[in-house]
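Some notes on the structure that comes next.
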Amino acid sequence: MVYLLFAFLSVVLISKKIIILNEEVLVALSFLTFLLFARQKAGPLFFEYFRSKNESLLESLQTFTLYQRDLAELAKKKCEEEKEIVNIISNLNNSINFLQKSNLLQKKINNARKEEFSSILQSISSSSREWKNEVPLTRLETFLTLLLNQKPPKQFNILKSK
């Protein structure tokens, strides 16, 4: 209907010499006619093509966002695992440092005990030098010598002590 009205209006305007038909006007009219014809005949075909392209692009975009979300969750889990590993390593380092410090402290305590026991043993042995052949080794002396990894003299025995 619109095309008939357009054709009738064109004929009237051309016959009244309102529109002068020269080369440029004929090319413009031909182009407009081609566009209207192409739209009328091929319009649904182009519409379907662009609609299917739109759907495929939306589907690929949704897939991409799902992959991106899964990747973000995976990265978050990996980050949490790495933080947990760092915490474990830190706790292990703290434990190692504590054990080293306690080992050093235990060595210092043992050295102090050895020095104290050796001084006690020396004081006892210096006072008992006079009785060396007469009085057997006491249990404390035997314990101290064993503790200091010193062998007691062969002539004294733990069983002989009182």
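Below are the figures for this structure:
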{"read-out": "Filter result for Glu55 (in a helix (DSSP H, G or I) and surrounded by fewer than 10 Cβ atoms within 10 Å (Cβ to Cβ))", "value": "no"}
{"read-out": "In region 12-34, residue nearest to Phe46 (Cα to Cα) [restricted to those that are among the aliphatic types (A, V, I, L, M) and exposed (fewer than 10 other Cβ atoms within 10 Å of the Cβ)]", "value": "Ile20"}
{"read-out": "Only one of Leu4, Leu66 that is part of a helix (DSSP H, G or I) and either in contact with a Cys (Cβ under 7 Å, 6 or more places away or on another chain) or surrounded by fewer than 10 Cβ atoms within 10 Å (Cβ to Cβ) (or both)", "value": "Leu4"}
{"read-out": "Residues of region 35-76 classified as of a type outside the set (S, T, N, Q) and at pLDDT 90 or above, total", "value": "21"}
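The values are calculated or read from the model by the stated rules, or taken from the named source; none is laboratory data. Small disclaimer: the values here were computed from a predicted structure and weren't measured. So basically every Cβ, Gly included, is an ideal-geometry build from the backbone, and we count neighbours across all protein chains shown.
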